[in-house]
Amino acid sequence: MARENGGHSLHPAVRIALVALLMAGCQTPESSFEGPGHSDETRALEKQLQAEAVALGTMQGAAGIAASFDRSGVGSLVAMGAGRTARDALMIRAHKQMEAQMAKDNAAFLHQYGITEDEDEAAVETLPPRRRWLFRGR
């Protein structure tokens, strides 16, 4: 007896979710932190955060596909709200982690060249006012 849906036993939504998982695992973007000014720890943190973002996006996609089969639409509303909350939490945590890591890299750079924090601040003050904001809060 032949199976319906082309001989496959998996539901089409499950197949789409599996393909999305495979595609997400194949993405390997280049690092934004290449060069001697950034440590290997920074690049490793970047890869970790990218992997977490890809996993979250894949989960959101799978939840969206599953919620799309709910005819009332309530599943989509719940998935959308939960996905947004999870994304915002991930962004806040990633931002804090990356800021802390960049502060470590900056401190190591200053130490490597024997620059004190006061000299660094004095150098920032010599910049035009439009560019000073880039260095505030480091």
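Hydrodynamic radius of the stretch 23-95 by the Kirkwood approach over all distinct alpha-carbon pairs: 14.1 Å. Derived scalar couplings between HN and Hα for the stretch 43-48 equal 5, 5, 5, 4, 5, 4 Hz in order, rounded to whole Hz, by the Karplus curve 6.51 cos²θ - 1.76 cosθ + 1.60 (θ = phi - 60°), x for Gly and Pro. Once the Cα-Cα distance is subtracted from the 0.36 nm per residue extended length, the Y113 to D40 segment shows a gain of 24.4 nm.
A short reminder: the numbers here are calculations on the coordinates, not readings from a lab. In this text the structure is predicted, and so the values were computed from the model without any measurement.
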